[in-house]
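The values are calculated or read from the model by the stated rules, or taken from the named source; none is laboratory data. As the structure is a prediction and not an experimental result, all values here were calculated from the model. Methodologically, a virtual Cβ is constructed for each residue, glycine included, from the backbone with ideal geometry; neighbour enumeration extends over all protein chains shown. Accessible surface is based on the protein model in full, side chains and every heavy atom, while ligands, DNA and RNA are left aside. Shrake-Rupley method; radii C 1.70, N 1.55, O 1.52, S 1.80 Å.
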Amino acid sequence: MMKSLIVTIFSLLTCATVVAQVSFDVTVAEKKRIVSGAVSYSQTDDAAFANALLWAVNEGPARKEEITECDFVKRQLTMIYNLKRGDELAYTCRLSIRIAQGQLMFLVNDIKIQGGIKTAFINFDKLNPEKKPKHQDIINDFQGLNNQKLQELITFVNDNKPQITNWKNVSLGKIERGMTKDEVRLIYGKPISSQENGTESQYVFSTFIYVFFDNGIVKSFVN
């Protein structure tokens, strides 16, 4: 059901394009509250997908923990998408991104509100703004935080210049000497720690995965 909704939304968005400052409203599809939209970019599709994935990697705590699905061939990914107010978690959602023919299409769904108890979440679909005005305030609050975060994504996809020289091995998850830091992050995600010493640096992804760079290029690795 959820995958069907994602496919349907992406199909509809191929005809819709939004530019400049983003502003997307919460809508209802198949009785689920969602946010969807599409924006154009000036990068190549591969560069735009690399940027979308790098942005998703940066959003996570380490490795690729936030990313639940990633398809390099179809250029689409799905991630756990958290919205914070300051340092406090306000909402958790699912964000699906697809890159195709000069457009970034996205769907935010499975939205949940952080409740009063640390581990408690309230399903966004249960809000009833027609009967409870406070619920509309919650929806408006979510829209504000969500638009701000989506603007960060869109700006990054448009402005960042990813250093990708070996897309084939990146898509296969195969690291090799000569790769860039961007390529390594696309393969392994966000390092749990990093060290810099002049032109040399080191990324640590786990007890068994170390990558060593010289001038930003992989010179050796342990995996």
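If a residue must be open to solvent by 20 Å² or more (accessible area, probe 1.4 Å), touching a strand residue (DSSP E or B) at 6+ places or on another chain (Cβ under 9 Å) and modelled with pLDDT under 95, how many such residues does region 87-99 contain?
3
For the condition within 12 Å of Val26 (Cα to Cα), in contact (Cβ under 8 Å) with a residue 60 or more places away in the chain and under 22 Å from the mean Cα position of the chain (by Cα), what is the one hit in Leu150, Leu107?
None of the others qualify; the one that does is Leu107.
Considering region 36-81 alone, what residues qualify as being more than 22 Å from Phe205 (Cα to Cα), open to solvent by less than 10 Å² (accessible area, probe 1.4 Å) and outside any helix (DSSP H, G or I)?
Result: Gly37, Ala38, Val39.
Return yes or no: is Val108 open to solvent by 70 Å² or more (accessible area, probe 1.4 Å), aliphatic (A, V, I, L, M) and under 30 Å from Glu183 (Cβ atoms)? Let's see the steps before the verdict.
Working: open to solvent by 70 Å² or more (accessible area, probe 1.4 Å): no; aliphatic (A, V, I, L, M): yes; under 30 Å from Glu183 (Cβ atoms): yes.
In short, no.
Quick check: is even one residue across region 86-93 assigned to a loop (DSSP other than H, G, I, E, B) and of a type in the set (Val, Ile, Thr)? Quick ask: steps written out before the conclusion?
If we filter region 86-93 for residues that are assigned to a loop (DSSP other than H, G, I, E, B), which is where we start, we get 86-87.
This time we only want the ones that are of a type in the set (Val, Ile, Thr), so: none.
No, region 86-93 contains no residue that is assigned to a loop (DSSP other than H, G, I, E, B) and of a type in the set (Val, Ile, Thr).
I'm trying to understand the selection: among the residues of region 153-186, which are surrounded by 14 or more Cβ atoms within 10 Å (Cβ to Cβ) and among the acidic types (Asp, Glu)?
Hits for region 153-186 are Asp182, Glu183.
Please tell me if Thr199 is loosely packed, with under 14 Cβ neighbours inside 10 Å, within 15 Å of Arg63 (Cα to Cα) and more than 22 Å from the chain's Cα centre (by Cα).
No, not satisfied.
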